[in-house]
Amino acid sequence: MGDYLSSDEDYHCSDQGSPEGFENDEPDIQLVTSKGPSTLVITRESLLAAQKEDLRQVMEMLSLREHHARTLLIYHRWDVEKLFAVLVDRGKAALFAEAGVSVDERCDPDPSVPSLVTCNICMEDVPIDEVTRMDCGHCFCNSCWTAHFIVKINEGQSRRIRCMEHKCNAICDEAVVRSLVGKENPDMAEKFDRFLLESYIEDNKRVKWCPSIPHCGNAIRVEDDELCEVECSCGLQFCFNCLSETHSPCSCLMWELWAKKCRDESETVNWIAVHTKPCPKCHKPVEKNGGCNLVSCICGQAFCWLCGGATGREHTWSSIAGHSCGRYKQLEKTAERAKRDLYRYMHYHNRYKAHTDSFKLESKLKETIQVKVAISEERDSTLRDYSWVNNGLSRLFRSRRVLSYSYPFAFYMFGDELFKDEMSEEQREIKQHLFEDQQQQLEANVEKLSKILEEPFDQFPDDKVMEIRIQVINLSTIIDNLCQKMYECIENDLLGSLQLGIHSIAPYKSKGIERASELSTCWNYKANNAVGTAELGRPSGSGSSDDSGCPSQKRARKEGAGGVLFDLNLPAEVVDRN
């Protein structure tokens, strides 16, 4: 262990903001703070405020009403930067026409016009006060409009309900939809409001629901790269790109294939194909348990083990009476190939599972270490700071997870499933040796750190504890550097050299997966009121505000159009069923 000993000044690893919530091990180390959180939690209280802020930007820039701004944002998947880029490149007219926005002001009915108007949908003459004209200028009776709106809402198209006129691309005014549907079916109007609110998450590529089960009600918004791993305020860590568990350094496609391979029975079938032969009579798999090539099934049928053909029972050690097998070599090659593939899978799966099991066992080690730290702090000793223990444990957790997922990555990176035509055999061998060397170095140091942390340091004298402290600090630094080098090798030397760019991995973060910060509603609450929430036409919610003008945490539910309180924590389909 002498190679890893150095002074505390050499240690520059930080674990602040780690998934386990550990503090930095050296209080005198100054961390460089970023310009702001890269991931935000959108709760049910801040969902409306986050949506309002994007609406406000578009309304102020283009001088639009709220429903027009919402139509533009939904069409561009709530990407404000993309919307403004299209505005600069193609102009306002093309931007509006493509999204189905018509800003022509609706004219009030002329008193001189006859009191009856013919609706071109139902061909009925209806009073002038029972028809509605949209911004696009098309006018139909309220009954036809209402039936059209209800059908579209039930079909899940409430975010973009088009005009009924043939070949008209204009999107209907949401206030009109809400008003007409609310008179006939208040529950349907409530559902319409719900879909409009959830469009900020469902149609936004930078915002996704947390995949926790049961659902925590939160959504995560990323500010920078969509290919990242995040942690929700509920504690769940997941890949933002594919919404599965965190799996770097595996790409999303690699992890999807690996999870399916481990979940289904493909390898069981492979084992049966390698070690058994089907009976030619009953077709049940038969395993050979002797040296003779004449095999008997439980159904009584005798057959040749080499070719699988039915035979009689007369035979010698070298031949079977009346049977000549000429396909031995071909079947041998097929069996050897299947056996090789099975053993290769078992090699990577066993190591993947071993590190996964070690991670689970070491997670239970946290409580034991906390007890040791508490005992050490209570005794009369010159050592008072034991934060290095927590930081070493946190580093162990993260590096163990990296090691675990590095084996599925190696299985597909150096196999024939994905990159058979991307590398020659010589290139594959060189890259595999490079990766496995780094993998083995990381594995050896992780095991050393795990062994040291299990030591009963609460029973050791101060000089022995100081020695363990230096070892943990230095091993943590070495492991952090090795993880960083492994990710750089994967991104630059392995995946970066491929022609197909469909495989990318989440970047390595020394501090661990970032815990998303809760999106505050204070910064845009006054702005929302300034643009007028009444324009939206939806209820303002049942909560109150505190002294700072921010909505309080009691605002957990929102009053629908029908006066019924519904929980923003649940998707619209659940609310409808309830």
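Based on protein heavy atoms only, region 106-228 ends up with 49 Å² per residue of surface accessible to a 1.4 Å probe. Sorting Arg428, Arg351 by solvent-accessible area of protein heavy atoms yields Arg351, Arg428, largest first, with a 1.4 Å probe. The packing ranking of peptides 397-409, 456-468, 49-61, highest mean first, is 397-409, 49-61, 456-468, where packing means the average number of other beta carbon atoms within 10 angstrom of each residue. Whole-Hz Karplus values for region 399-411 come out as 5, 5, 5, 4, 4, 4, 7, 6, 6, x, 4, 5, 4 Hz, taken residue by residue from phi with 6.51 cos²θ - 1.76 cosθ + 1.60 and θ = phi - 60°; glycine and proline positions read x.
If you plug the beta carbon distance of His283 and Lys205 into 1/(1 + (r/R0)^6) with R0 = 56 Å, you get a FRET efficiency near 0.65.
Straight-line reach from Lys420: taking Cα to Cα under 17 Å and skipping same-chain neighbours fewer than 8 places apart, the lysines in range are Lys431. Among 444-452, 506-514, the peptide with the highest mean count of other Cβ atoms within 10 Å heads the list, and the full ranking is 506-514, 444-452. Sorting the segments 235-246, 469-480, 366-377, 250-261 by their mean number of nearby beta carbons within 10 angstrom, highest to lowest, gives 469-480, 250-261, 235-246, 366-377. For the residue pairs Lys52/Lys82; Lys261/Lys281; Lys366/Lys509; Lys82/Lys261; Lys261/Lys360, the C-alpha atoms sit more than 27 angstrom apart in Lys261/Lys281; Lys82/Lys261.
Could you work out the local net charge near Cys252, counting Lys and Arg as +1, Asp and Glu as -1, over the other residues with Cβ closer than 13 Å to its Cβ? Taking every Cβ under 13 Å from that of Cys252, the sum is -3.
Pairs of lysine in region 134-251 with Cα under 22 Å and at least 8 positions apart or on different chains: total? Lysine pairs meeting both conditions in region 134-251 amount to 5. Choose one of Pro211, Ile128, His166: the residue whose Cα lies farthest towards the positive end of the charge dipole of region 122-231 (beta-carbon charges +1 Lys, Arg; -1 Asp, Glu; about the Cα centre). Of the candidates, His166 comes out farthest on the positive side.
Any idea what % of Cα-Cα pairs in region 448-503 are farther than 17 Å? Cα-Cα pairs of region 448-503 separated by over 17 Å account for 55 percent.
The values are calculated or read from the model by the stated rules, or taken from the named source; none is laboratory data. Bear in mind that the values here come from a model prediction, so they are computed numbers and not experimental data. Backbone-built Cβ (ideal geometry, glycine too); neighbour counts: all protein chains shown. Side chains included, ligands, DNA and RNA excluded: accessible areas come from the protein's heavy atoms. Shrake-Rupley method; radii C 1.70, N 1.55, O 1.52, S 1.80 Å.
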